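To keep things clear, I will list the structure first and then write my remarks on it.
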Amino acid sequence: LAKGRGRARYEVFDDDLRGRIERRLDTELALRTAVERGEIETWFQPIVDLQQQTVVATEALARWRRPDRGLVAPGEFIAIAEEVGLIKGIGTTVLGQACRAAASLEGHLAVSVNVSPRQFVQDDFGAVVKLALAETGLPPDQLWLELTESAVLEAIDSAARTFQELRSLGVRLAIDDFGTGYSSFAHLKSFTVDLLKIDLTFIRDLECSDHDRAIVEGILRLADSLKLDVVAEGIETIGQRDLLTEMGCRYGQGYLFSKPGPAVLPDVDFGDMLSSSSLIRPSPK
Ligand code: C2E
Ligand code: MG
Ligand code: MG
Ligand code: MG
């Protein structure tokens with residue numbers, strides 16, 4: 001009996017593993033033609049000034065419209081694209097779409113584009129960015145590039161030149177998911193960036209965790225003394241927004257204001273601030 005059960009279990013595991021391998025190969029294969037078939041789309045999520053209640057930028061987020069599967073989130077294909085060497089094409093596609101969309105808007109809205117470590121270490125990355133700006137006419141200071149800490153880490157030797165090139169182009173550089181990588185401070189010492197994005201894992205429990213609040217306060221103080229701007233990611237509640245505003249965090253992003261969507265500048269809901277302040281109208285004299 002025990003033997004039979006063990007065997008059955010083994011087969012279940014085997015089927016599961018085989019299924020996962022097949023799905024992975026299938027994804028890889030379909031991903032190889034995704035760029036040339038125009039299946040990579042760019043969605044956008046606004047980044048807002050918490051005090052002023054204005055939209056200052058919009059983050060470009062890749063989506064893959066698979067004909068047989070519908071819309072696929074980056075969590076399901078970016079890491080694979082990095083592993084099999086397809087991220088360069090996807091990244092360049094998103095960069096182009098993002099710059100074009102931002103350039104088409106009136107006013108001074110910036111677009112913030114995620115850059116994979118694999119893209120960042122490629123020799124011609126500076127040239128790729130320069131070309132995207134030239135082709136779309138987007139002013140360089142309206143392009144922000146989000147590097148993850150691992151990108152900066154992997155790049156520590158080879159990237160100094162790319163870094164300089166990007167700086168001299170005049171684009172703004174951000175560290176994404178700040179606080180989740182190794183030795184964040186070492187990176188701040190070696191590379192001059194303009195902006196930190198506090199990872200949403202530190203924002204999630206802000207209202208109930210003194211611990212997380214202390215971490216966020218620490219990041220804000222650090223950013224302040226280094227004269228860096230800060231964006232808090234993943235703001236979902238009015239309580240989180242209010243706490244961050246009190247702590248002096250200038251910019252935020254999250255479902256509270258707007259979920260990512262296909263429009264470069266969607267309607268943004270700033271929460272209850274406007275309606276609650278309109279309740280305290282001065283009484284007529
Ligand atoms: P990220 O750059 O840190 O982007 C933020 C992610 O958090 C996005 O997920 C966004 O939809 C999600 N998010 C925004 N507000 C909230 C919120 O209030 N609550 C919660 N729970 N989540 C929120 P998304 O679009 O699925 O992207 C996931 C990750 O995939 C991104 O994380 C980024 O690392 C990567 N990614 C997306 N597009 C690209 C790209 O074009 N190139 C590269 N290399 N990576 C990309
Ligand atoms: Mg990002
Ligand atoms: Mg992020
Ligand atoms: Mg993140």
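Laboratory data are not the source of any read-out in this text; all were calculated from the coordinates shown. Here the structure is a predicted model, which is why all the values come from computation and not from measurement. Ideal geometry is used to build each Cβ from the backbone, glycine not excepted, and the neighbour counts take in all protein chains shown.
Brief remarks on what is shown
- Each listed q (0.14, 0.21, 0.23, 0.29 Å⁻¹) maps to a log10 I(q)/I(0) for the range 162-227, found by the Debye formula over equal Cα scatterers with no solvent: -0.46, -0.91, -1.03, -1.36.
- At R0 = 45 Å, FRET efficiency that the Cβ-Cβ distance of residue 124 and residue 51 yields, to 0.05: 0.70
- Amide H partners (placed H, <5 Å) of residue 206, local residues excluded: none
- DSSP loop GluC sites (Glu not before Pro) with at most 14 other Cβ within 10 Å: longest gap in the chain: 107-206
- Above 17 Å, the calculated P(r) of the range 197-256 contains 25 percent of its Cα-Cα pairs.
- Candidates 271, 19, 218: whichever shows maximal mean-square fluctuation once the chain is modelled as a Gaussian network with Cα springs under 10 Å: 19
- Considering only chymotrypsin sites (Phe, Trp or Tyr not before Pro) in DSSP loops that have at most 14 other Cβ atoms within 10 Å, the longest stretch of the chain without any of them is 1-181.
- For the Cα trace of the chain, dividing Rg by the Kirkwood Rh returns an Rg/Rh value of 1.04.
- Taking the longest Cα principal axis of the chain as reference, the axis of helix 210-225 is set at about 70 degrees.
- Ordered by the count of other Cβ atoms within 10 Å of each Cβ, fewest first, 116, 209, 225 give 225, 209, 116.
- For the chain, the share of DSSP beta bridges that are antiparallel, to the nearest 5, is 40%.
- Rg and Dmax over the alpha-carbon atoms of the range 21-172 stand at 15.9, 50 Å.
- Amide H within-cut-off set for residue 47, under 5 Å, with H built and near neighbours excluded: 56, 57, 58, 59
- Helix 2-32 axis, angle to the chain major axis (alpha carbon atoms, nearest 10°): 60 degrees
- Segment residue 185-residue 36, extension gain: residue separation times 0.36 nm, minus the distance between their alpha carbons: 49.7 nm
- Local electrostatic count at residue 250 - Lys and Arg +1, Asp and Glu -1, tallied over other residues with Cβ under 13 Å: -2
- Members of 197/227; 227/259; 189/227; 197/259 lying beyond 23 Å, as alpha-carbon distances in this model show: 227/259
- Among 187, 108, the ranking by other beta carbons within 10 Å of each residue's beta carbon, starting with the fewest, stands as 108, 187.
- Dipole magnitude of the chain, debye to nearest 20 (Cβ charges: Lys/Arg +1, Asp/Glu -1, about Cα centre): 360 debye
- Over the C-alpha trace of the range 93-246, radius of gyration and Dmax come out as 16.2, 48 angstrom.
- Inter-site label distance for residue 212 and residue 169 at 7 Å from Cα along Cβ, in nm: 3.5 nm
- Taking amide H as placed 1.01 Å from N in the peptide plane, the amide H of residue 250 sits under 5 Å from that of 230, each at least 5 places away or on another chain.
- When each of 99, 208 is scored by the number of other beta-carbon atoms lying within 10 Å, the sequence from fewest to most is 208, 99.
- Result for the chain in a Gaussian network model with C-alpha springs under 10 Å: among 63, 204, 24, the largest mean-square fluctuation is at 24.
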